[in-house]
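Notes follow once the structure below has been shown.
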Amino acid sequence: MRAIRLLAVLAIASTSLAAAPAPKKAAPRAAAPANWNALVARTPSGTHLLGNPNAKVRLGEYVSYTCSHCAEFHIASEAALRLKYVQSGAVSVEINHVLRDPVDATIAQLVNCGPPSKFLINHSMFLRSQSKWIQGIARSTPAQRNRWYTGDRAMRMRAVASDFHFYDMMATRGYDRMTLDKCINDNALAERLATISAASDKLGVDHTPSFTLNGQLLVGTNGWDLLEPQIAARL
């Protein structure tokens with residue numbers, strides 16, 4: 001009898017265990033944060049945006065490639081801006097071209113050649129090496145300068161790219177002459193860049209570099225030492 005009772009108890013326990021709900025699976029771990037420094041997108045207006053498109057703070061940079069202060073700002077700010085602010089997804093950076101002269105316009109056309117993923121490295125290359133290539137202005141002859149300002153747009157840009165050795169610089173980035181000339185001949189790109197530059201005038205940008213934070217133009221801010229505290233205050 002005792003054996004029968006024991007078997008009955010075991011049978012009941014077994015039935016209860018079978019009916020019990022299965023234990024819940026552990027919730028999957030949250031996905032690792034995106035590498036926002038690797039995300040570069042072309043905006044509807046044709047500018048380039050680095051980082052989280054939904055960042056709390058959007059920094060707008062208004063840049064001319066022949067502006068020495070723009071090169072100084074880029075060198076001083078790039079590492080801190082990207083590692084401290086962009087990487088976390090808190091800040092995104094939008095690059096707006098300000099075209100001051102034929103050299104500026106030619107570089108803008110070249111750095112925009114190819115997919116958005118190539119833009120920032122092209123952009124940085126010209127700003128970081130500005131002190132070298134810009135000497136071509138002082139060394140230029142009247143005949144060269146005449147070629148930069150006369151003829152059709154593409155012809156002028158090819159003259160600038162040749163005289164300043166921009167074709168050679170872009171070759172280090174994997175571009176051949178045919179590809180670059182195709183980009184130089186891109187009238188739609190030229191019109192888009194001109195529109196971006198004109199928009200800076202409408203905004204009230206009267207010098208470079210200039211900056212906006214969430215669309216608000218900053219007054220009296222022309223360097224990283226003055227810009228960073230204003231970014232931090234908005235986070």
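Residues in the range 176-216 that are open to solvent by 50 Å² or more (accessible area, probe 1.4 Å) and closer than 22 Å to S77 by Cβ: L203, D206, H207, N214, G215, Q216.
Count of the range 69-113 residues, restricted to those that are open to solvent by 10 Å² or more (accessible area, probe 1.4 Å) and among the hydroxyl-bearing types (S, T, Y), is 2.
Restricting attention to the range 134-171, and to residues there that are out of contact with any Leu (no Cβ under 9 Å at 6 or more places or on another chain) and among the aromatic types (F, W, Y), which single residue is nearest to C67 (Cα to Cα)? Out of the qualifying residues, it is F164. Of the set (1) within 14 Å of L110 (Cβ to Cβ); (2) in contact with a His (Cβ under 6 Å, 6 or more places away or on another chain); (3) not acidic (D, E), all apply to R158 but (2). Taking P142, is it surrounded by 13 or more Cβ atoms within 10 Å (Cβ to Cβ) and out of contact with any helix residue (DSSP H, G or I) (no Cβ under 9 Å at 6 or more places or on another chain)? Criteria not met by P142.
Among the residues of the range 39-53, just one is β-branched (V, I, T) and surrounded by fewer than 19 Cβ atoms within 10 Å (Cβ to Cβ), namely T43. The residues on offer are P229, P209, and the sole one that is out of contact with any helix residue (DSSP H, G or I) (no Cβ under 8 Å at 6 or more places or on another chain) and either closer than 30 Å to V91 by Cβ or of a type in the set (S, T, N, Q) (or both) is P229. Quick check: is even one residue across the range 125-145 of a type outside the set (F, W, Y) and closer than 23 Å to R192 by Cα? Checked the range 125-145: at least one residue is of a type outside the set (F, W, Y) and closer than 23 Å to R192 by Cα.
The values are calculated or read from the model by the stated rules, or taken from the named source; none is laboratory data. Remember, it's a predicted structure, so these values are computed and weren't measured experimentally. Cβ coordinates were reconstructed from backbone atoms using ideal geometry, including for glycine residues, and neighbour counts include every protein chain displayed. Ligands, DNA and RNA are stripped out before the accessible areas are found, and what is left, the full protein with its side chains, is counted by its heavy atoms. Shrake-Rupley method; radii C 1.70, N 1.55, O 1.52, S 1.80 Å.
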